[in-house]
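A short worksheet on the structure shown next.
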Amino acid sequence: MRYFILLFVMTLTTACSMNDIIVQDQVTKQKFDLSDQDRDGVIVARERCVGTLTGSDIDNYGCGAIKNIAERQELKILFANNSYYIEPQYYPQIEKIAIMLKQYPSTSVVIEGHTSNKGSYELNLALSQNRATAVTDVLRDTYGIDQSRLKAIGYSFDRLIDTSGTPQAETVNRRVIAEVTGEDTASDLKWNIYTVDEEVE
């Protein structure tokens, strides 16, 4: 009797396992497009914003975030003592500001001139103003930026960033800052897996 029951169970098990086997003769078609045509990290099946700028900070649907233009940077321009003449070797830094202004036509720039606290306040006020104006003059005369988009402000030594009084402090306090702002917006960029390829090329 035991032998009969064992044989019955084995037969039943074998039959069940054979019924579970499914033979597939045709290739399964992918219902959704899983490619990433604009290389933003979002597949086409989920994509709502095609052609996103590579490197943009995007949401789950591939739509890039935008930010208002508010760029503030120091221009590494070295002036001779008590001079506001800009050597041509520093023009490429000013050109970067010009390129941004041309790319975003609703922006404007404020050029800030700052000095160390050596000498009188009035002398440094005039010097910082002249240095800032010299930069806006280059933007206008060399790079064709309209004067209405340019503003120069001299701060003398009102905004020292190093008050230690050392020669190094004097150097860092003598600076020119460019602040570009406006109604234009730009894509908010971030590092992505494609950035490395772009840098290598």
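The numbers here are math on the coordinates, done by the rules we state, and not lab data. Values in this document were obtained by computation on a predicted structure and should not be read as measured data. Cβ coordinates were reconstructed from backbone atoms using ideal geometry, including for glycine residues, and neighbour counts include every protein chain displayed.
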*State, to one decimal in nm, how far the label point of Ser35 lies from the label point of Tyr85, with both points 7 Å from Cα in the Cβ direction.*
6.1 nm
_Sort 165-176, 107-118 by packing, meaning the average of other beta carbons within 10 Å per residue, with the highest value first._
107-118, 165-176
*What are the chymotrypsin sites (Phe, Trp or Tyr not before Pro) within region 122-171 that DSSP puts in a loop, where the Cβ has at most 16 other Cβ atoms within 10 Å?*
Tyr143
*Could you go through region 139-156 in sequence order and give the Karplus-derived ³J(HN,Hα) for each residue, using 6.51 cos²θ - 1.76 cosθ + 1.60 with θ = phi - 60°, rounded to whole Hz, and x for Gly and Pro?*
4, 6, 7, 8, 10, x, 7, 4, 4, 5, 9, 10, 9, 10, 10, x, 10, 6
*Assuming R0 = 35 Å, what is the FRET efficiency of Val172 and Asp146, from their Cβ-Cβ distance, to the nearest 0.05?*
0.65
